[in-house]
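Q: Next up is a structure, given as structure tokens.
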């Protein structure tokens, strides 16, 4: 049975549902989150069904979910996949015991907006949640390295053709999102409403064949990498034979 009472906090604060593998762990996580009054925990769960139920009924702004819940070592990842089918889904931070590359990549691939490792200082969790609440992506250097390594090892998709299908405005918004701007910041920068930016992003998702913000980031990074490689190739081709022999 999930817990939905007993948590203090400013009624105007962004709401959070937490999920961990034990009742004590879940309540300690809730207490840690509310220690600075930036967020208000409205639900605490320990199983996959409890997390899904709390999120569906309470519709929190953020969900902090452990990859390991009471009913399985990777149940939190299964929750992530199921949340993608909901009409309204919170921004999810996946809580990991450590940060193995496979779990980091799968978490982002399935819609996580941030990764937080239990080995990090709890003060970083507050920063992580503030960042994710603003619409940004949170990952530490090790987790970013896992993502970059995955891009290097995987087959390079033919991104140029799909990118060409984007309108100038859609590409502009995709590039800003990939640079870490939230929807609100993109809207302010381009003098658009947040609703308009959100609609543009949905069209970007559809044209690129993706479904999450993190996939936009990875897609644009891959595109930039291919374009940079192409430019370096053409620059090498354009060098004169004298230049090439002089460097031999």
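Bear in mind these aren't lab numbers, they're just calculated from the coordinates by the rules spelled out. Nothing here was measured: the structure is a model prediction, and the numbers come from that model. No Cβ is skipped: glycine too gets one built from the backbone with ideal geometry, and neighbour counts run over all protein chains shown.
Q: For a quick protection proxy, order the peptides 64-72, 193-201, 208-216 by their average other-Cβ count within 10 Å, most packed first.
A: Most protected by this proxy first, the peptides run 64-72, 208-216, 193-201.
Q: Determine the relative contact order of region 15-142: mean sequence separation of Cα pairs under 8 Å and six or more apart, normalised by residue count, in whole percent.
A: Computed value for region 15-142: 21 percent relative contact order.
Q: Does region 15-142 come out rounded, prolate or oblate by the C-alpha gyration tensor, with a ≥ b ≥ c the root eigenvalues, rounded set by a/c under 1.5 and, if not, prolate when a/b is larger than b/c and oblate if not?
A: The shape class here is rounded.
Q: In nm, to one decimal, how far is the modelled label at residue 37 from the one at residue 82, with both set 7 Å along Cα→Cβ?
A: Inter-label distance under the simple model: 3.6 nm.
Q: Sticking with this structure for a sec: Does a label point 7 Å from the Cα of residue 199, set along Cα-to-beta-carbon, have any residues of region 167-187 with amide nitrogen under 14 Å, and which are they?
A: Zone members listed by number: 170.
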